[in-house]
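To start, the structure itself, in structure tokens.
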Amino acid sequence: MNFSLSEEHLMIQSAARDFAQTELLPGVIERDERQEFPTEQVKKMGELGFMGMMVDPQYGGSGMDTLSYVLVMEELSKVDASSSVIVSVNNSLVCWGLETFGTEEQKQKYLPRLTSGEGIGAFCLSEPEAGSDATSQKTTAIDKGDHYVLNGTKNWITNGGTAEVYLVIAQTDIEKGHKGINALIVEKGMDGFELGPKENKLGIRGSDTHSLIFNDVKVPKENRIGEDGFGFKFAMKTLAGGRIGIAAQALGIAAGAYELALKYSKERKAFGTEISNHQAIAFKLADMHTKIQAARMLVYQSAIDKDNGDNYDLSGAMAKLYASEVAMETAVEAVQIHGGNGFVKEYHVERMMRDAKITQIYEGTSEIQKIVISRSILRD
Ligand code: CAA
Ligand code: FAD
């Protein structure tokens, strides 16, 4: 394992750090409170190349590796996890899925707007009765020759209200089980495509989460991704990389909360000395630092596995499982170190604690990561 970062990696890391401080930090508390989507910030992230980081430049992408993407995700998430989830879904679920499995026409049609940040993408797998149990798709895409007719409801869709391109997973042939599932590109504004209300969430409140309703939506055959019946594999292969992005988000939340707690502990005095001089606080910082470093190694390793063309199902799942646990634990301890100040909005750590929780739920809950991990180690 060699985690020494190249000049390019350090440059992109530093650019993301600067951007987070200058563009995401101002207003992050207000956006959280008002559940306000970071429209301007997304536009600027598009200009910086953060919205299509791993996409080939011929489609408007930045042509970078997964490690660069992870470094950017970490830095953005230290400050604003609502913005970073928008980046994560657009990059690792929508752009990667389209570039890896789409036709040349699909790539040329959709990727330039997605990579520039002018248009955002959404990935639509979850349903009211198919969350963890993702093969139980109830949304149907019935084959009508030159098009599919889509009916059903997706829920919890990140970027649901702001996206213009939706990758929708649906069941075409129930007899074939998961082998009868397809992935279709649905565009905003298609007849019969309706948006459900925006969810009022515990955390990542700046990102917009909606249910989507499809009533006889006609989707042209050329909008199918891959061969007939490839939809479930498409979702699983795409999510394997998505989990690396969410692991990096969790790592960033943990590192951001730790940095704030460390600083505060050296400033706040109690019993005549800085609280960092009390061993109970110093040991909390020691635990936080150790666990964040361990999480970072897992996250970077999974990114490097992907860049090297090695299998990353296992390393990505381990990274997500562990980094999300560390994010939750660290954010809770950061609130504790801040005392009463930790409980109010202007110190940021209460938001980080609320934001951390989702990393244990989406893109496969911690329990699902353990299924993926245990199946992998028992099989091999
Ligand atoms: N790559 C390729 N194929 C895969 C795969 C992978 N990583 N994982 C599974 N498959 C294939 C299997 O090989 C199998 O195909 P075959 O029968 O041809 O071998 C098929 O998929 C079904 O797999 P399983 O039999 O293992 O299916 P299962 O019902 O036991 O479920 C699961 C497996 C891992 C639990 C899966 O259902 C799962 O990942 N659930 C969680 C869903 C999830 O992560 N949702 C996230 C939604 S997106 C999101 O959340 C975005 C966001 O918030 C920002
Ligand atoms: P359930 O599957 O009902 O799980 C409930 C509990 O049971 C969990 O603790 C789970 O781990 C446990 N459980 C279930 N099955 C097992 C098992 N076999 N063994 C052990 N424990 C089990 N989905 C998308 O498709 N696209 C998105 O963009 C998206 N964004 C999201 C954004 C937010 C803010 C949220 C909250 C969710 C988002 N999701 C998205 C959905 C998310 O992926 C699901 O919520 C998640 O996969 C869990 O599904 P569920 O909510 O149906 O929980």
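The values are calculated or read from the model by the stated rules, or taken from the named source; none is laboratory data. All values reported here derive from a predicted model rather than from experimental measurement. Note that we place each Cβ from the backbone using ideal geometry, even for glycine, and neighbour counts take in every protein chain shown.
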Can you pull out every residue in the range 32-58 that is surrounded by fewer than 21 Cβ atoms within 10 Å (Cβ to Cβ), among the charged types (D, E, K, R) and not in a loop (DSSP other than H, G, I, E, B)? 33, 34, 40, 43, 44, 47
Restrict the check to the range 263-278 and report whether at least one residue is buried (at least 23 other Cβ atoms within 10 Å of the Cβ) and not assigned by the TED database to the domain that holds residue 68. no
Considering the range 227-248 alone, what residues qualify as being in contact with a helix residue (DSSP H, G or I) (Cβ under 9 Å, 6 or more places away or on another chain) and outside any helix (DSSP H, G or I)? 228, 229, 230
Which helices (runs of 4 or more DSSP H) sit wholly inside the range 62-113 and have at least 1 residues that are more than 15 Å from ligand 1 (Cβ to nearest atom) and of a type in the set (Gly, Ala, Ser)? 66-79
Give the residues of the range 131-172 that are surrounded by fewer than 16 Cβ atoms within 10 Å (Cβ to Cβ) and within 15 Å of ligand 1 (Cβ to nearest atom), sorted by residue number. 132, 133, 135, 136, 138
Exclusive hit being at positive phi and away from ligand 2 (no atom under 16 Å from the Cβ), set 102, 52, 60, 46: 60
Does the range 324-376 hold any residues that are within 18 Å of residue 298 (Cβ to Cβ), touching a Lys or Arg at 6+ places or on another chain (Cβ under 8 Å) and not hydroxyl-bearing (Ser, Thr, Tyr), and which are they? 326, 328, 329, 363, 364, 369
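Could you tell me how many of the residues in the range 215-245 are of a type in the set (A, V, I, L, M, F, W, C) and more than 24 Å from the chain's Cα centre (by Cα)?
Filtering the range 215-245 for residues of a type in the set (A, V, I, L, M, F, W, C) gives 217, 219, 225, 230, 232, 234-236, 239-240, 244.
After this cut, where a residue has to be more than 24 Å from the chain's Cα centre (by Cα) as well, the list is 217, 219.
Residues in the range 215-245 being of a type in the set (A, V, I, L, M, F, W, C) and more than 24 Å from the chain's Cα centre (by Cα): 2 in total.
Yes/no matrix, rows are residues, columns are (1) modelled with pLDDT under 95; (2) touching a helix residue (DSSP H, G or I) at 6+ places or on another chain (Cβ under 9 Å); (3) on the phi > 0 side of the Ramachandran plot; (4) not β-branched (Val, Ile, Thr):
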site	(1), (2), (3), (4)
281	no, yes, no, no
298	no, yes, no, yes
304	no, yes, no, no
319	no, yes, no, yes
332	no, yes, no, no
352	no, yes, no, yes
363	no, yes, yes, yes
Verdict on residue 153 being over 15 Å from residue 94 (Cβ atoms), in a loop (DSSP other than H, G, I, E, B) and touching a strand residue (DSSP E or B) at 6+ places or on another chain (Cβ under 9 Å): no
So how many residues does the range 336-380 have that are touching a Leu at 6+ places or on another chain (Cβ under 7 Å), within 13 Å of ligand 2 (Cβ to nearest atom) and either in a helix (DSSP H, G or I) or over 19 Å from residue 207 (Cβ atoms) (or both)? 6
Determine, yes or no, whether residue 276 is free of Cβ contacts under 8 Å to residues at least 24 places away in the same chain and in contact with a Lys or Arg (Cβ under 7 Å, 6 or more places away or on another chain). yes
Being buried (at least 20 other Cβ atoms within 10 Å of the Cβ) and acidic (Asp, Glu) is the filter here; which residues of the range 178-217 pass it? 208
Considering only the range 286-305, how many residues are among the aliphatic types (A, V, I, L, M) and surrounded by fewer than 19 Cβ atoms within 10 Å (Cβ to Cβ)? 3
Please work out if residue 175 is more than 9 Å from ligand 2 (Cβ to nearest atom), surrounded by fewer than 16 Cβ atoms within 10 Å (Cβ to Cβ) and not polar (S, T, N, Q). yes
Give the range 115-130 a look and list any residue that's more than 12 Å from ligand 1 (Cβ to nearest atom) and either more than 15 Å from residue 214 (Cα to Cα) or charged (D, E, K, R) (or both), or say none. 115, 116, 117, 118, 119, 120, 129
Of the residues 61, 46, only one is of a type outside the set (A, V, I, L, M) and more than 30 Å from residue 331 (Cβ to Cβ); which? 61
